Structures are given as structure tokens and as C-alpha cells.
Amino acid sequence: MGPLDHPREEYHAGTLEVGDLADGPLQAVRRWLDDAVAAGLPEPTAVTLATVDADGRPDARIVLLRGLDDRGAVWYTNRRSAKGRQLARVASAALVAFWPQLERQVRLQGPVAPLSDAESDAYFAARPRGSQLGAWASEQSEPVADRAALERQVVEVEGRFAGGDVPRPPYWGGYLLTPEVIELWQGRPSRLHDRLRCTWVAGERPRRDPSGWRVERLQP
Ligand SMILES: Cc1cc2nc3c(=O)[nH]c(=O)nc-3n(C[C@H](O)[C@H](O)[C@H](O)COP(=O)(O)O)c2cc1C
């Protein structure tokens with residue numbers, strides 16, 4: 001049996017009802033994140049971030065979710081990276097999380113904007129020094145001759161900031177995705193999964209308000 005012939009899983013860990021979203025889908029996603037953390041899952045905040053490149057081709061990679069509040073979802077990266085350049089052209093993205101042990105998937109779609117300098121500064125200042133230096137040393141998404149060249153860049157940066165605080169690189173910071181659509185998916189037996197799609201219909205208001213979301217059950 002090859003790896004792609006792996007036996008099918010049956011899902012029966014839970015259910016998802018419209019009533020579970022009574023306080024709004026963002027709060028429900030928060031609870032699912034909390035559940036993933038409480039269950040001790042590895043990298044519970046890891047999400048796939050999908051963007052679109054200049055030729056309209058989809059691109060995707062994992063990032064760590066660092067905030068989920070009434071405004072939406074936040075992650076941090078190098079804004080000169082491939083994803084940063086893509087978001088500068090097409091300021092719209094999708095995020096997907098999968099927590100296999102809980103048999104849950106969450107999808108968010110919406111416009112993306114850079115976070116403020118103040119918020120990015122605060123987050124950067126709280127990172128370990130090694131990560132701060134790495135943000136200066138790595139031109140994310142650019143080729144490098146070999147591992148040794150990358151390590152020389154780190155040594156150069158360590159020398160530059162020796163004995164002092166490491167400021168946030170001007171090209172490094174957060175992004176906020178303001179969700180227009182949130183889908184929660186709970187696995188169920190026989191592939192008859194529960195899917196609830198929530199669409200924001202209330203204009204420019206905080207996404208906290210449960211009455212601003214239209215909720216539809218989708219066929220699995
Ligand atoms: C578990 C995990 C977490 C990651 N978290 C981040 C992150 O928060 N920010 C980031 O820029 N890259 C993160 N990465 C690396 C990205 O997946 C990706 O390799 C990098 O951002 C370059 O992507 P790009 O060339 O499409 O811009 C993470 C990778 C993994 C596997």
C-alpha cells in the first residue's frame with residue numbers, strides 16, 4: 001500500500017450547528033483556536049496563507065497567526081518577500097487552518113492591509129533576539145549562494161547591532177486580513193461534514209457584531 005492509498009478516516013469528533021455561532025464567527029474561530037492550543041496540537045496557530053501573483057497565479061505558504069480580534073487575523077512577515085510583493089499588488093488573501101485531531105478546518109477570505117508601525121514595533125520588540133537578527137539577515141524569498149553565505153549575513157548583522165537593541169527592519173511587519181467570508185468546517189461521518197459559511201453584510205463595522213453576518217449551511 002502506497003502513502004496515497006492511506007485508509008480513509010471517519011470523522012466523529014464533534015458537530016457544528018448555527019447556534020454555535022451565536023456570538024459571531026470570529027468568536028467561534030477564537031474558541032476553535034483555544035481548543036487547538038488546549039489540546040496540545042503542534043503549531044496550533046499555523047495557517048496556510050494564499051495570495052495571488054502578478055500573473056494571477058495562486059501562491060500559498062504557512063504563516064503563524066499572531067492575532068485574532070474584532071478586526072480580523074494578523075500575521076507577521078518580511079514585506080519584501082514574495083507574499084509581501086503579491087499583497088502589495090493584490091491586497092486580498094485567504095487563510096486556511098486545519099486541526100486534524102479536532103477534525104476542524106477554518107477558512108477566511110478578505111482584504112489585507114499592513115498593520116501600523118506601532119503594532120509591528122511592539123510585536124517585533126517582543127521577539128527573541130535571534131529572530132530579530134534573522135529578520136535583518138534574511139532577504140526572504142531571494143536566492144542565496146549557500147548556507148555559509150546566509151550564516152555570514154547573520155554574523156554581519158550580529159556585529160552591526162552588538163551591544164544594542166535590534167530595531168524593527170522597515171520592511172518587516174504585520175498584516176491584517178479583514179474577513180469578508182469565514183467558513184467553519186467540522187468533519188462528520190460518511191463525508192457528510194458540517195459546513196457553515198458566514199458572509200459579512202454590514203459594511204464598515206467591527207466584525208464582532210454577530211448580526212452583521214449572514215450564515216448559510218453548505219453541502220459538504
Ligand atoms: C510552521 C511554519 C510557520 C511559519 N511562520 C511564518 C511566519 O509567521 N511568517 C513568515 O514570514 N514565514 C513563516 N513561515 C515560512 C513561510 O512558510 C515561507 O517559507 C516564507 O514566509 C517565504 O514565503 P514567500 O516566499 O511565499 O513569501 C512559516 C513556515 C512554517 C512551516
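The values are calculated or read from the model by the stated rules, or taken from the named source; none is laboratory data. Here the structure is a predicted model, which is why all the values come from computation and not from measurement. Methodologically, a virtual Cβ is constructed for each residue, glycine included, from the backbone with ideal geometry; neighbour enumeration extends over all protein chains shown. In case anyone asks, the SASA skips ligands and DNA or RNA and just uses the protein heavy atoms, side chains included. Shrake-Rupley method; radii C 1.70, N 1.55, O 1.52, S 1.80 Å.
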Quick one: in region 33-44, which of the residues that are free of Cβ contacts under 8 Å to residues at least 24 places away in the same chain and either within 13 Å of the ligand (Cβ to nearest atom) or aliphatic (A, V, I, L, M) (or both) is surrounded by the most Cβ atoms within 10 Å (Cβ to Cβ)?
-> Val37
Filter region 63-85 for residues that are open to solvent by 20 Å² or more (accessible area, probe 1.4 Å) and more than 24 Å from Gly24 (Cα to Cα); the one that is nearest to the ligand (Cβ to nearest atom) is Ala82
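Can you tell me which of Leu184, Leu218, Leu150, Leu192 is more than 18 Å from Gly110 (Cα to Cα), at pLDDT 95 or above and in contact with a Pro (Cβ under 7 Å, 6 or more places away or on another chain)?
Numbers: Leu184 fails: more than 18 Å from Gly110 (Cα to Cα); Leu218 fails: in contact with a Pro (Cβ under 7 Å, 6 or more places away or on another chain); Leu150 fails: in contact with a Pro (Cβ under 7 Å, 6 or more places away or on another chain).
Being more than 18 Å from Gly110 (Cα to Cα), at pLDDT 95 or above and in contact with a Pro (Cβ under 7 Å, 6 or more places away or on another chain) holds for just one of Leu184, Leu218, Leu150, Leu192, which is Leu192.
Being within 14 Å of the ligand (Cβ to nearest atom), touching a helix residue (DSSP H, G or I) at 6+ places or on another chain (Cβ under 9 Å), of a type in the set (Asp, Glu) and open to solvent by 50 Å² or more (accessible area, probe 1.4 Å) is the requirement here; does Glu139 meet it?
Numbers: within 14 Å of the ligand (Cβ to nearest atom): yes; touching a helix residue (DSSP H, G or I) at 6+ places or on another chain (Cβ under 9 Å): yes; of a type in the set (Asp, Glu): yes; open to solvent by 50 Å² or more (accessible area, probe 1.4 Å): yes.
When the stated conditions are applied, Glu139 passes them.
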Within region 200-220, count every residue that is surrounded by 17 or more Cβ atoms within 10 Å (Cβ to Cβ) and part of a strand (DSSP E or B).
-> 2
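Any idea which of Ala60, Ala50 is at pLDDT 95 or above, open to solvent by less than 40 Å² (accessible area, probe 1.4 Å), within 14 Å of the ligand (Cβ to nearest atom) and under 12 Å from the mean Cα position of the chain (by Cα)? Steps first, please.
Details: Ala60 fails: open to solvent by less than 40 Å² (accessible area, probe 1.4 Å).
Every option except Ala50 fails the conditions.
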